[in-house]
Each structure stands twice: as structure tokens, then as C-alpha cells.
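K.L.:
Below you will find the structure I want to go over with you.
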Ligand code: NOJ
Ligand code: CA
């Protein structure tokens, strides 16, 4: 036995001669870097001695045609490397986010920097690893140099070699949308599902599924021996979004970047650092939710004065249009629209337009009465008659209101009541057009006192042929955020690229959709485990504008829409905690909230900015229970959401010793069920103290919400 291992060592040594190991501060995560015999960078990773990533290669393949750098022989940055130096270091700081789940965040890691030279091309690159207690991040760095100045990426080949056929919680890899329900299968179960659903996947307004084994990040995995692994990226700037493609034979997941319109995957000028490729790991699912690795790998805040950025609860002229009882458009008279030429004052109003002066005033009154800070108004501007499906460049100009929307009067009215209107810019995916109008659009917002915009990218991208997640589009979304910051405007971008923690650097990016939101409950519904899946996946990179709070869950009870919300009423309340966001909508109609005013009290009370958060129970696609302490107060709020019926055990050991709390528990009624009896709920009031234990029944597709107000 001894002889064999000595022999093996002898064989392996030359291949892994440069092996270097760096461990997490607590020693649980271990990462080893080495070069193979042909000089290919390789890493492997373990957690408490268990394999997380088997030896996985790193490298980039470059384009070699007319798009490549002039006069330069393009050698791939894949192999032929030798190590010219390396450095290890430790970093430990605590920083304060402008808004967040906690008031401080510790960024503590051990770093390994490896400098490599490719002799054949005389190019130098650096690979940097940061190892945290719950995972690691790695990135490629390209210093500026004579032989590597400009280059074009054909494909990035970063591997994540899995040690088994893990359970994967996945959505198909798509260059344009993330609006999918999650599948739960072994890794080898991905192909049959994508192959069988290709036609179905085409039903979204813009979709490009690229491979039968392609999936999106963040990808949540669970091993047979109880490890939770999560693969994503951080700080995706000036680079295309990364997907993963599975080599089923070897169970290797490999990066697959979003191409541009001509199939290129990144135009780079050095010096340049790629986004971080991240792997979270723990044997406790709660760590996947509380770990702040993605934020920590982003740069500190670049906005000096952040006083104008504020967490916000809002309502809006929205759900009626999604359900189909109102329209964004003003008239049915027009076969098409020419901005600046079409005279809307000559058109007959269609009688279903949502954003009328009268309707908006009702929402402003409702917001003012219930402590909601803003009112979103969609369909306020000319062009919606031409919105969908024409691949038209100039559907909207973002500054011209419909005749029945008096922008000055409504903003004045809102401000007189202490409320702000929230702007809506549906771009119809014509990014080119939006950039042309951006400055004017933001000036208009400044003029009337808007401080937040919801943007949207429905349909195929213009410039035509580009994808939602390409380098060009990622640069577009970023330009919008940075321009907005100059105008003191907060951004909530729908259908944009999935977030990668950039909100640390640009905290005016208060929200994104970039996943299947509540709107789908009106388009046929989403599986009840959807909202106990998203925090593990989509929320890794930043908050989601999920738009919860639908109380009249059976839409046919008040509209012609046959869909229903796949949640109980209390399940909807729980989402204000479970789906963390500094932007929370009360998405249902005011008249519906008035019918259930005692339950609406929770939405009135709940905070949306926090000093502390404690994940009490969690399992992907099954349940999440979280307690959060409202910023600057002694009040706590707890939310629990479940897929199947269960009992949640909430130990109140996070409360202050010696204090008493007024506790209101909003829980599913005895026979509540998201399909059969969604609106059955009970509200229990009691006084509680630290150490008390609450046992709360959650219905199928249900949940609960608790407010704990310090006496
Ligand atoms: C899709 C968005 O997700 C939704 O919230 C919005 O109402 C429509 N686009 C119209 O812009
Ligand atoms: Ca959407």
C-alpha cells in the first residue's frame, strides 16, 4: 500500500509541482492551486475535508479572426504557463452598507495571488483567490502589457468539477431571461428536461436557451452527504454574464459566457479584471442565505453622498394591468404610433387606461393613509399602443405624458401628502433609444421630484441581435445606474441582467427583477416552492423587486383572469421578510387591502431596512424562516414561508433580555391551503420575552409573519 502511494506521489509531483494551499480564516474551506504538466492553471476546493470542487481547470480561449487584436498572434490563455511569483495575505474589515439585512458586514478572507507567464506569447496574467469561511472567489487579472493590450474572448473555460451527481436546483441557461420556475433534479437530469421543453421555453417575450445542459447562475446544489454548494459570480462589470454548461460524463460545470450579436464574448482592453467566479459552501443551508460573500467581492460604495437613497415601501398602478382589468395604453384608435406626430388629444380614450389622474390620486391617498412612501405609475407616457412585438426602436420618449396624466398636478398632489411618485421607464428593450433619451428623462424626473425609476426590458434587444446578458447590455444597465446616481435617482431594473452584488458599489441600484416575479401568478402561476428557492439563487446577487402582497389570490373572483396566486394570504405576508429587499411593494389593489384591513396592518408595520437578520430555519425549495431587527429600533419581525404544510419552531432567543414585546402573529387558518382555502388566517396577539418558543402551523403553500414591538 505504502509503495503504491509513494509511486503515485512520484507521478503526480511533477504535474502539481507548484501546488499552493490557502485556507479560510476558520480553516474549514481549503483551496489548492497548481499547474498541470502542460502549464494549465488548476484549483481544487474542500470544506471540512469533503471535496467541493475536484481539480478544475482555468483559462480563456481568444478569438482569432478579424475581431482579434491587430498584428497579434492570438494564443489562447489556457496552458503553457509557468509561475513567476505568488503572494498570500489576510484581509479583515467591517463595513456599513447604505441599506441591507444587517447594519455591518464583515469581509474577512485569506488571499492567494498567483502570477503566471506564458512563455510562447510572453504574456503575464494573475489569478487571485479569496477564501472565506463559507466559500471562495477567483478571478483573472490582465495587467497592461505590450503583448496583451486588446483582446477578444471566444470563451472562458472556468471549471467547477463536481464530486458527484448532486441534486441541482436549476433553471435553463438562457441569454435573455431568468423568468423560469426552478427544476430539482440530479445534475444528469438537466438534459431530458431542457430537451423536452424547448418549445415551451419560447413562450417568453425574449428567450434564447443555448444548450441542453446549460443552466444559469446562481446554481444551488446539494450533495448526498449534506453539503450545500452554490456557484455564481460577483462584480460582473464590462463583461458578459456567465452561465454554466455541464459535461455530464465528468460532472464538470464550465463557464459559458453570453455572446454579442456576432458571437464574440467580450472585448477587453488591459488592465482588466474579470468578475469573480464564486463557490459558496456549508453543511448548514442557512449559511447560504446569510453569507455576504457576493457583496464582499464588490468594490466599496462609489457614491459619496448617499443621503438621498432610502429603502421604500410602495404601491402602484400596476396589478390591474398585469391581471388584465386595465391597460397601459390610452386609446384603441391607433393602428400604430409615431412619437411627436401622433396627436393623442384627437384619440378617443379606451376607458380602460390605468394611469388616469383620478386613479393615481386614489393610490396617492392610499399610500399617504398607510405610510407607503411612493406610488409607481405605469402607462403614464405615450407609446404603449405600439409597445409589443414590433422590434421598433422608438416606442417611447420617456417624457411625454398621456392627456389624462397631469404630471405636474399629480406630483404636487403627492408631495402635499408626503408621498412621491415612482417613475416607470419601459424601454421595450430598445436600449439604444433609451440611452438617447436618458438625460432628458432623468431631467424630467428631477424637475417634478421623482427619486426612483423602475426600468423594464421586455422583448428582444435593440441593437438587434444583442442579448439581455451580453457585455454591451451589461454596460448599458451599468451606465443607467451611474447616470441615475448623478441625478440622485434610485433604480429598479426589470428584465435586466441578474445582479452580482454591484449594489454595494452603487447602492442606488435598490432592486432588480431578473427572475420570475409575482406577475407570473397572473400568467398561470408559479410553483409554491418558488419563493423558498429564490433566496438561495436569484437573491445571492442582490435584492429582487418581487412585488408581493396579493390578498385576493383567486383572480377570477374579481376579474376574467383564471390564474390564482400559489400562496396563502399569510404566505404573501411572509415574503416581506423572506424575500429581502429595500424596495417592497404592496402590490394588490387598495380596495382589496381595505377588505382585509387587520391583515394589512402587518404591511403597514413591517420595516424594509434592518440592523440585524437571523436565518432560523432553511432548506432549498422547502422552507425559510428569518427574523430581522428593524433599523434603529428594538422591534423585530419574523417571516416563515413553506412549500408543504409544516410546523415552524421560532425560538425567541434573539430578543433583548429583560424586555417585553407586543407580539402579533399572522398565521394560516386551521384549514388553510394555497389552492383550497388561501384566505383563511388568524391573528394572535400576546406578550412575549426572550427565550419564549412559538410553534406556528404553516399551510401547504403558506407561511406566517410576526411583528414584535418592544414595549
Ligand atoms: C414586465 C415587468 O416585469 C412588469 O412589472 C411591468 O409591468 C411590465 N413589464 C410592463 O413594463
Ligand atoms: Ca418581468
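The values are calculated or read from the model by the stated rules, or taken from the named source; none is laboratory data. Bear in mind that the values here come from a model prediction, so they are computed numbers and not experimental data. We place every Cβ from the backbone using ideal geometry, glycine too, and count neighbours over all the protein chains shown.
K.L.:
Any chance segment 382-390 includes a residue that's assigned to a loop (DSSP other than H, G, I, E, B) and crowded, with 23+ Cβ neighbours inside 10 Å?
P.N.:
Yes, segment 382-390 contains a residue that is assigned to a loop (DSSP other than H, G, I, E, B) and crowded, with 23+ Cβ neighbours inside 10 Å.
K.L.:
Tell me the residue from 241, 274 that is under 27 Å from residue 42 (Cβ atoms) and in contact with a strand residue (DSSP E or B) (Cβ under 6 Å, 6 or more places away or on another chain), please.
P.N.:
274
K.L.:
Does residue 459 qualify as being touching a residue at least 40 places away in the same chain (Cβ under 8 Å), crowded, with 22+ Cβ neighbours inside 10 Å, on the phi > 0 side of the Ramachandran plot and away from ligand 2 (no atom under 15 Å from the Cβ)?
P.N.:
Here the answer is no, as residue 459 does not meet what is asked.
K.L.:
Report, by residue number, each residue of segment 38-58 that is outside any strand (DSSP E or B) and over 19 Å from residue 126 (Cα atoms).
P.N.:
Of everything in segment 38-58, those that are outside any strand (DSSP E or B) and over 19 Å from residue 126 (Cα atoms) turn out to be 48, 49.
K.L.:
Show me the strands (runs of 3 or more DSSP E) entirely contained within segment 99-142 in which 3 or more residues are within 18 Å of residue 19 (Cα to Cα), without any contact (Cβ under 8 Å) to a residue 24 or more places away in the chain and touching a helix residue (DSSP H, G or I) at 6+ places or on another chain (Cβ under 6 Å).
P.N.:
The strands (runs of 3 or more DSSP E) meeting that bar number zero.
Let's see how each residue does on (1) over 22 Å from the mean Cα position of the chain (by Cα); (2) free of Cβ contacts under 8 Å to residues at least 40 places away in the same chain; (3) not in a loop (DSSP other than H, G, I, E, B):
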| residue | (1), (2), (3) |
| --- | --- |
| 277 | no, no, yes |
| 281 | no, no, yes |
| 286 | no, no, yes |
| 294 | no, no, yes |
| 299 | no, no, no |
| 303 | no, no, no |
| 308 | yes, no, no |
| 329 | yes, no, no |
| 337 | yes, no, no |
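K.L.:
On to the next question. Give 540, 562 a once-over and let me know the one that is part of a loop (DSSP other than H, G, I, E, B) and either farther than 27 Å from residue 321 by Cα or without any contact (Cβ under 8 Å) to a residue 40 or more places away in the chain (or both).
P.N.:
Going through 540, 562 in turn, the sole match is 562.
K.L.:
On the given criteria, is residue 375 assigned to a strand (DSSP E or B), surrounded by 22 or more Cβ atoms within 10 Å (Cβ to Cβ), within 23 Å of the chain's Cα centre (by Cα) and more than 16 Å from ligand 2 (Cβ to nearest atom)?
P.N.:
Criteria met by residue 375.
K.L.:
Any residue at all in segment 647-670 that is within 23 Å of residue 289 (Cα to Cα), in contact with a helix residue (DSSP H, G or I) (Cβ under 6 Å, 6 or more places away or on another chain) and at pLDDT 95 or above?
P.N.:
No, the conditions are met nowhere in segment 647-670.
K.L.:
Evaluate segment 326-343: report whether one residue or more is within 16 Å of ligand 2 (Cβ to nearest atom), within 30 Å of residue 464 (Cα to Cα) and touching a helix residue (DSSP H, G or I) at 6+ places or on another chain (Cβ under 6 Å).
P.N.:
yes
K.L.:
Restricting the search to segment 493-509, which residues are without any contact (Cβ under 8 Å) to a residue 60 or more places away in the chain and either more than 12 Å from ligand 2 (Cβ to nearest atom) or part of a loop (DSSP other than H, G, I, E, B) (or both)?
P.N.:
496, 499, 509
K.L.:
If you don't mind, there's one more thing I want to ask. Residues 546, 520: which one is within 16 Å of ligand 1 (Cβ to nearest atom), surrounded by fewer than 24 Cβ atoms within 10 Å (Cβ to Cβ) and either over 14 Å from the mean Cα position of the chain (by Cα) or part of a loop (DSSP other than H, G, I, E, B) (or both)?
P.N.:
Only one candidate qualifies: 520.
K.L.:
Residue 481 is checked against (1) away from ligand 1 (no atom under 16 Å from the Cβ); (2) under 18 Å from residue 312 (Cβ atoms); (3) within 18 Å of the chain's Cα centre (by Cα); (4) not in a helix (DSSP H, G or I) and fails just one. What number does that condition carry?
P.N.:
The single condition residue 481 does not satisfy is (4).
K.L.:
Among the numbered conditions (1) over 21 Å from residue 443 (Cα atoms); (2) surrounded by 23 or more Cβ atoms within 10 Å (Cβ to Cβ); (3) more than 15 Å from ligand 2 (Cβ to nearest atom), tell me where residue 512 comes up short.
P.N.:
Tallying (1) over 21 Å from residue 443 (Cα atoms); (2) surrounded by 23 or more Cβ atoms within 10 Å (Cβ to Cβ); (3) more than 15 Å from ligand 2 (Cβ to nearest atom), residue 512 fails exactly one: (3).
K.L.:
Restricting to segment 464-478, and then to whatever is surrounded by 17 or more Cβ atoms within 10 Å (Cβ to Cβ) and in a loop (DSSP other than H, G, I, E, B), can you tell me which residue is nearest to ligand 2 (Cβ to nearest atom)?
P.N.:
The selected residue is 468.
K.L.:
Of the residues in segment 170-215, how many are more than 15 Å from ligand 2 (Cβ to nearest atom) and within 21 Å of residue 532 (Cα to Cα)?
P.N.:
Residues that pass the stated criteria total 11.
K.L.:
Counting just the residues of segment 440-463 that are assigned to a loop (DSSP other than H, G, I, E, B) and away from ligand 1 (no atom under 16 Å from the Cβ), which one comes out farthest from residue 391 (Cα to Cα)?
P.N.:
This residue is 449.
K.L.:
Would you point out the residue of segment 310-325, among those that are away from ligand 2 (no atom under 16 Å from the Cβ) and not in a strand (DSSP E or B), that is farthest from the chain's Cα centre (by Cα)?
P.N.:
Taking the candidates together, the pick is 325.
K.L.:
Kindly list the number of the only condition in (1) more than 16 Å from ligand 1 (Cβ to nearest atom); (2) crowded, with 23+ Cβ neighbours inside 10 Å; (3) not in a helix (DSSP H, G or I) that fails for residue 571.
P.N.:
(3)
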